[in-house]
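So the structure is just underneath, and the comments pick up after that.
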Amino acid sequence: MRNLIIAPSVLACDFLNIGSEIQMLNESKADWIHIDVMDGVFVPNISFGFPVLEAINKVATKVLDVHLMIEKPEQYITTFAKAGAKVITVHYEACSDLLSTLQSIRSVGKRAGLAIKPQTPISVVEELLNEIDMILVMTVEPGFGGQSFMESMMPKVEQARKWLRDKKLSDTWIQVDGGISLSTIKRAFEAGADTFVAGSAVYKSEDPAAMIRSLRSALA
């Protein structure tokens, strides 16, 4: 049985009340707190930097899952680790020396994730399976919240799950990010995902904590 992880994305939260938003997640059924770091270069948006991550880390009691949508992420691995990241995910498309970057994440005691954009084939991940702790299949184009779930990405998740099963890599996660809601989470689960990032579905609901519970219940 897969260990299922719900990871609300604070990109969709109320930034004016981010402290209370993190406290809500602390008290909720969320497992992780997903933090999207964007530089305005790799993706056409800018989000959080080190001071925000450090501030969140002071009050968060959940795992901080940091998704780097930035150019040259290898320059910042140690700094993100010190700022509180427990899982650090980099993009295949953003790394000049991917193997070295993944090894750098593990060398500072963090779990290494590898993300791929919708246009990137899942085949690029196969030879790196022993170097990563999580595969992130983007189910929207990275850079902005509120996009629609891309059903066409599910064969990638299915292929990734087959590899992990065949190679007996039971401690490697498959994460999906983008458009995850009550209407899409079950499909992603059935394809093989076990880690679910949800932003708009949580924070645009009337009761975010109740929505987190509902997302988990949808997988029961």
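Please state, as a whole number in µm²/s, the translational diffusion coefficient that the Stokes-Einstein equation yields for the range 12-105 at 25 °C and 0.890 mPa s, with Rh defined as the Kirkwood radius across alpha carbon pairs.
Translational diffusion coefficient: 178 µm²/s.
What ranking of Glu54, Glu131 comes out by heavy-atom accessible area, probe 1.4 Å, highest first?
Descending accessible area places them as Glu54, Glu131.
May I ask for the percentage of alpha-carbon pairs in the range 97-139 that lie more than 15 Å from each other?
38
How much accessible area per residue does the chain have, counting only protein heavy atoms and a probe of 1.4 Å, in square angstrom?
44
Carbon and sulfur together cover what percent of the accessible area of the range 162-220 at a 1.4 Å probe radius?
Of all accessible area on the range 162-220, carbon and sulfur atoms account for 49 percent.
Distances longer than 19 Å among the Cα atoms of the range 113-220: what percent of all pairs is that?
42
With bins 10 Å wide starting at 0, give me the P(r) of the range 177-220 over every alpha carbon pair, in whole percents.
32, 58, 10
Let me know the longest stretch in the chain that avoids all trypsin sites (Lys or Arg not before Pro) found in a DSSP loop with at most 12 other C-beta atoms within 10 Å.
1-166
How would you rank 195-202, 140-147, 178-185, highest first, on the average number of other Cβ atoms within 10 Å across their residues?
The packing order, highest mean first, is 195-202, 178-185, 140-147.
Rounded to whole Å, give me the distance from the Cα center of the range 198-218 to that of the range 18-79.
For the range 198-218 versus the range 18-79, the Cα centre distance is 19 Å.
What lysines sit close enough to Lys167 to cross-link, taking a C-alpha to C-alpha distance under 28 Å and skipping anything fewer than 8 places away on the same chain?
Lys86, Lys110, Lys117, Lys156, Lys186
Can you tell me the Rg and Dmax of the range 97-176, counting just the alpha carbons, in angstroms?
Considering the range 97-176 through its Cα atoms, Rg and Dmax are 12.9, 36 Å.
At Lys167 and Arg213, where each label point lies 7 Å from the Cα along Cα→Cβ, what is the point-to-point distance in nanometres?
According to this spin-label approximation, the distance is 3.9 nm.
So if I take the alpha carbon set of the chain, get Rg, then get Rh from the Kirkwood formula, what is the Rg over Rh ratio?
Value, to two decimals: 0.93.
The values are calculated or read from the model by the stated rules, or taken from the named source; none is laboratory data. Since this is a predicted model, take the numbers as computed values, not measurements. No Cβ is skipped: glycine too gets one built from the backbone with ideal geometry, and neighbour counts run over all protein chains shown. Heads up: the accessible areas ignore ligands, DNA and RNA and are worked out on the full protein's heavy atoms, side chains in. Shrake-Rupley method; radii C 1.70, N 1.55, O 1.52, S 1.80 Å.
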